[in-house]
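The next block holds one structure in the form of structure tokens; read it before the comments.
Readers should treat all values here as calculations from the given coordinates under stated rules, not as data from a laboratory. From a predicted model like this one, the values you see are computed outputs, not experimental measurements. Neighbour counts run over all protein chains shown; Cβ positions are idealised from the backbone, glycine included.
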Amino acid sequence: MKFVDLERQYQVLEPDIRRRIDAVMAHGRFIMGPEVGELEERLGEFCGVRHALGVANGTDAISLALMALGIGAGDAVFVPTFTFFATAEAVSLIGATPVFIDIDEATYNIDPAGVEAAIRAVADAGELTPRAIIAVNLFGLPANYTELAKVAARHSVYLVEDAAQSFGAALDGKRSCSFGDIATTSFFPAKPLGCFGDGGAVFTDDDELAARLRSLRVHGQGKHKYDNVLIGMNSRLDTIQAAILLAKLTVFESELDARQSNAEKLGARLGPGFAAPHIPQGYRSAWAQYSLRPATRDRETVLARFAADDIPTAIYYAQPLHLAGAYRSLGYGAGDFPVAERVAADIFSVPVHPYLDDRDLDRIAGALGS
Ligand SMILES: *Cc1c(COP(=O)(O)O)cnc(C)c1O
């Protein structure tokens, strides 16, 4: 059993993927070829957003989103401390300062009340200007956009959705990548919609933001190739990766259904030692991860049981970002964000990918039920 099984997926999709790649080899437009535009159209339709733009990866997607919003040095960007490093790194890369926020213990997503308190504190301190919130949809579950949008509006800051783990998720019937002012995702191979290399996308309904993003991803290009009007990046999605994603999109809905069904089957068979992941009313997760915390035993004991049964597991994330060595200079310490620190100490993930069969599910449930 694999934690994420791209081989089984390829067995299903091989003819389609090969046909798509062959077409790219034949036309030879490896940078910004026709498949990129075709994919962007599909992604926009899928998420119900006017503009979807392919970029080189999910980290650049966040940096580009912040650049398009005009955020940079002297600006504070509020990010959850419990996420993948890239969420905060993308903020630092464009010269702004990440301000860490604790998470909600039920959903593992950024706590809206914590964001509001931090925005007030930063505004009062007067050193940085509060400019944006980045909400991460951790493990595939959308953050609380209803409350976050109110906080953002009250304090006139932008709301950015980091949907790297949640492509395909939904909240009140709206798809992930349609929340806030601008959204970003990643097509890293292990994400819910992954390509065969690095890839990402930025989403917005705002025509002006979209025009800036189009320029920023190609060195701040102006009206013609060697007229540069902004300091941008070299961050395009390869045509071959777009072609692969177009093939994968044809089965994506059924993969989402399979992930949902796997999560339900595992949830139904959890023993008293574990609580099922909490999915609030109106939310649908993309199930990038099926993450659990042991109620009584310690994580090492539980993981040893899975290892003995030859079931792969992973830990996302053992260290909240405010305790990362790279952010030592920001002056945070242990105890600053108690919920994230508690969760990081005992959370772990088991396979939930769409190509698990009944035998795999039985084996995972067997280890979780005891
Ligand atoms: C994977 C991930 C990213 C970065 O995506 P890459 O494509 O690997 O650069 C950003 N944020 C979160 C929450 C992620 O999980």
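Brief remarks on what is shown
- Under the Karplus curve 6.51 cos²θ - 1.76 cosθ + 1.60, θ = phi - 60°, whole-Hz ³J(HN,Hα) for segment 23-32, x wherever Gly or Pro sits: 4, 5, 4, 6, 8, x, 8, 6, 10, 6
- Segment 159-208: C-alpha gyration tensor shape, a/c 1.5 cut-off, then a/b vs b/c: oblate
- Low-density loop positions, trypsin sites (Lys or Arg not before Pro), segment 270-370 - DSSP coil, at most 14 other Cβ in 10 Å: Arg297
- Whether segment 32-163 is rounded, prolate or oblate, judged on the alpha carbon gyration tensor where a/c under 1.5 counts as rounded: prolate
- Positive-pole candidate from Ser285, Ala326, Ile244, dipole of segment 230-370, charges at beta carbon: Ala326
- Loop-located trypsin sites (Lys or Arg not before Pro) in segment 26-59 (DSSP state other than H, G, I, E, B) with a sparse environment of at most 15 neighbouring Cβ atoms within 10 Å: Arg29, Arg50.
- Max mean-square fluctuation residue, GNM over the chain, Cα-Cα springs under 10 Å, options Pro272, Pro312, Pro189: Pro272
- With loop membership from DSSP and a limit of 15 other Cβ atoms within 10 Å, the longest segment of the chain without chymotrypsin sites (Phe, Trp or Tyr not before Pro) is 227-370.
- Derived scalar couplings between HN and Hα for segment 135-144 equal 9, 9, 8, 5, 6, x, 8, x, 6, 7 Hz in order, rounded to whole Hz, by the Karplus curve 6.51 cos²θ - 1.76 cosθ + 1.60 (θ = phi - 60°), x for Gly and Pro.
- Calculated [θ] (222 nm, deg cm²/dmol) that DSSP helices of n ≥ 4 give over the chain, each run adding -39,500 (n - 2.57): -12500 deg cm²/dmol
- Dipole moment magnitude, nearest 20 debye, the chain about Cα centre, only Lys, Arg, Asp, Glu C-beta charged: 320 debye
- By the Cβ distance rule (another cysteine Cβ under 4.7 Å), the unpaired cysteines of the chain are Cys195.
- Just checking the listed ones, Gly282, Gly54, Gly114: in the Gaussian network model of the chain with Cα springs under 10 Å, the one fluctuating most is Gly282.
- Debye, to nearest 20: dipole size of segment 314-370, +1 on Lys, Arg Cβ, -1 on Asp, Glu Cβ: 240 debye
- As a length-normalised measure over Cα pairs under 8 Å and 6 or more apart, the relative contact order of segment 236-337 settles at 16 percent.
- Derived scalar couplings ³J(HN,Hα) [segment 78-91; Karplus, 6.51 cos²θ - 1.76 cosθ + 1.60; whole Hz; x for Gly, Pro]: 8, 10, x, 7, 9, 6, 5, 3, 4, 4, 7, 4, 4, 5
- Listed residue (Pro142, Gly197, Thr97) projecting farthest to the positive dipole end of segment 94-199, Cβ model: Gly197
- Beta bridges from DSSP with both residues in segment 1-147: antiparallel share about 10 percent, rounded to the nearest 5.
- For the residue pairs Lys191/Lys225; Lys2/Lys248; Lys174/Lys265; Lys2/Lys174; Lys2/Lys191, alpha carbon separations beyond 22 Å are given by Lys191/Lys225; Lys174/Lys265; Lys2/Lys174.
- Here, P(r) means the percent of Cα pairs in each 10 Å bin from 0 to the largest distance; for the chain it is 5, 24, 32, 25, 12, 2, 0.
- Of the residues Gly58, Gly200, Gly271, the one that moves most in a GNM of the chain with alpha-carbon contacts below 10 Å is Gly271.
- Separation of alpha-carbon centers, segment 331-366 and segment 192-236, rounded to whole Å: 34 Å
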